[in-house]
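The values are calculated or read from the model by the stated rules, or taken from the named source; none is laboratory data. What you see is a predicted model; the values in this text were computed from it and never measured. Cβ placement follows ideal geometry from the backbone for every residue including glycine, while neighbour counts extend to all protein chains displayed.
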Amino acid sequence: MHNYGLTSVAEFLEDFVVYRNLVPMDGRLSSLAQMREDLGIPDAVIPRKSAPDYARVIVSMLEQARALEASRTSIARLIYVGDTCLNDGTAFCNICHAGNWPGLAFIGSEKDAPPRVEMREQKAGTLYLANRWALLRDFDEFCGERDFPVDERTAVIVDLDKTALGARGRNDHVIDQARVAAVRRTVESLLGTAFDPERFQTAYDVLNQTEFHPFTTDNQDYLAYMCLIVGSGLWQLDTLVKAIRDGRVMNFVQFIIEVEARAADLPSDGTMSLRDIHRDIYAYVRAGDPTPFKAFRYNEYRETVARMGTTTLPVPELLHHEIVITQEVREMALQWKAQGALLFGLSDKPDEASLPTEDLMEEGDPPIHRALTHAVGE
């Protein structure tokens, strides 16, 4: 592995990036809010990455972006670079279907095994599953062999989280560390002297297990809130786990409704009282906001940028402590961009965890895709 110096994802994506709220960073492109009526997407619904409506929004953004850079050129094919077969693979197929484009997708993850590629044929195109990020170079040759030119009529989607940044199997654990640190920082700040580090870690480790993903819908806002409520003593962890397993509490919405019924038992003192925080989160949940725990997500942004471009360690330690850009993705993205392809970045990370607040922006803190960090790869 080598360190290729400081750069940012914007080097190859510029502001053609969209986070969870589907508001493009390039203001020339329409946001979800501006497309709702034309696409028939109901108010207050923000489609998630694997949903067909999400694909329809992304296709519209891609077509607008292509028209900005090459007004007489239309998109004829799609390349997708991601890290998960289920989420990214589904998004790839949906986007190809919505755009009526043929496609090829590279799904990468670093594994401690001999280099290997598996092909999965889908109606939309082929999934090229690789256990080395360095195999992205072979994927480029594969595109040529498939008579699939990467040129001005090709849209290239690059997943940000655990693909362009914090490559899965190589560096993704630092992204997870930032998220856990943000949950802890948030819960500790709200509980103050009542914060019990051991109780918090136990609650987080238990409730973050796959067994409870159907309950939390694998939503980290929900998990952070549950850790807060357990830390406050309003619910005991054992009691909550039993209630979930027995089916007495079926889902997170039911859980927060039960907390609301006992909200008077939450502390109401201080400028950020638990009762006030709960009421804010409860209101966001009732409004259908998938990112209801704003304080946690603001802290996630801080913990993430704090782990980008801040060290001068040797590569092994760098991969352990810093969220780095995947050099193989950067290298291929720059090559495809030079060949005329449209590069566009997708992130399922909430905007609140990806963009600085107004006060941090005034201090010069950048969006995640513009944050400088080291590029590392083979």
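I need the full set of residues from the stretch 1-34 which are of a type in the set (Asp, Glu) and either closer than 14 Å to Arg330 by Cβ or not assigned by TED's automatic domain parsing to the domain that holds Leu346 (or both), in order please. Before the answer, list the steps.
Of the stretch 1-34, the ones of a type in the set (Asp, Glu) are 11, 14-15, 26.
Passing the criteria: Glu11, Glu14.
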* To do: Write out, first by first residue and then by second, each pair whose Cβ atoms fall under 8 Å of each other, whose residues are 6+ apart or on separate chains, and whose first residue, in the stretch 140-156, is farther than 18 Å from Phe344 by Cα while the second is in a loop (DSSP other than H, G, I, E, B).
  => Cys143/Pro149; Cys143/Val150; Phe148/Pro102
* Can you name every residue in the stretch 264-310 that is part of a loop (DSSP other than H, G, I, E, B) and either under 24 Å from Ala178 (Cα atoms) or in the same structural domain as Ala353 (by TED's automatic domain parsing) (or both)? -> Met272, Asp289, Pro290, Thr291, Pro292, Phe293, Ala306, Arg307, Met308, Gly309, Thr310
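Got a number for residues in the stretch 152-189 being in a loop (DSSP other than H, G, I, E, B), within 14 Å of the chain's Cα centre (by Cα) and surrounded by fewer than 23 Cβ atoms within 10 Å (Cβ to Cβ)?
Within the stretch 152-189, the first condition is being in a loop (DSSP other than H, G, I, E, B), and the residues that meet it are 152-153, 160, 162-164, 166-171.
Cutting the leftovers down to within 14 Å of the chain's Cα centre (by Cα) gives us 160, 162-164, 166-168.
Those still in the list that are surrounded by fewer than 23 Cβ atoms within 10 Å (Cβ to Cβ) too: 168.
Residues meeting the conditions: 1.
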* Structure fact -> Note on Glu69: of the conditions (1) modelled with pLDDT of 95 or more; (2) more than 24 Å from Ile107 (Cβ to Cβ), unmet is (1)
* Asked: Just checking, which of Gly192, Gly144 is surrounded by fewer than 20 Cβ atoms within 10 Å (Cβ to Cβ), more than 19 Å from the chain's Cα centre (by Cα) and closer than 30 Å to Asp276 by Cα?
  -> Gly192
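Can you confirm whether Ala164 is touching a strand residue (DSSP E or B) at 6+ places or on another chain (Cβ under 9 Å) and at negative phi?
Numbers: touching a strand residue (DSSP E or B) at 6+ places or on another chain (Cβ under 9 Å): yes; at negative phi: yes.
Yes: the conditions hold for Ala164.
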* Structure fact -> Subset of the stretch 109-131, residues without any contact (Cβ under 8 Å) to a residue 40 or more places away in the chain, farther than 24 Å from Ser74 by Cα and not aromatic (Phe, Trp, Tyr), comes to Asp112, Ala113, Pro114, Pro115, Arg116, Val117, Glu118, Met119, Arg120, Glu121, Ala130, Asn131
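Looking only at the stretch 298-326, count how many residues are surrounded by 23 or more Cβ atoms within 10 Å (Cβ to Cβ) and not hydrophobic (A, V, I, L, M, F, W, C). Before the answer, list the steps.
First, the residues of the stretch 298-326 that are surrounded by 23 or more Cβ atoms within 10 Å (Cβ to Cβ): 299-301, 304, 308, 323-326.
After this cut, where a residue has to be not hydrophobic (A, V, I, L, M, F, W, C) as well, the list is 299-301, 304, 326.
Total satisfying the criteria: 5.
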* To do: Tell me which residues, restricted to the stretch 109-125, are buried (at least 19 other Cβ atoms within 10 Å of the Cβ) and in contact with a strand residue (DSSP E or B) (Cβ under 6 Å, 6 or more places away or on another chain).
  => Ala124, Gly125
* Asked: Only one of Val23, Val45, Val57 is within 22 Å of the chain's Cα centre (by Cα), buried (at least 21 other Cβ atoms within 10 Å of the Cβ) and either within 17 Å of Ala98 (Cβ to Cβ) or at pLDDT 95 or above (or both); which?
  -> Val57
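I'd like to check something: does the stretch 329-340 contain any residue that is under 17 Å from the mean Cα position of the chain (by Cα) and closer than 16 Å to Ala182 by Cβ? Before the answer, list the steps.
At the first step, the residues of the stretch 329-340 found to be under 17 Å from the mean Cα position of the chain (by Cα) are 329.
Then keep just the ones that are closer than 16 Å to Ala182 by Cβ; that gives none.
No.
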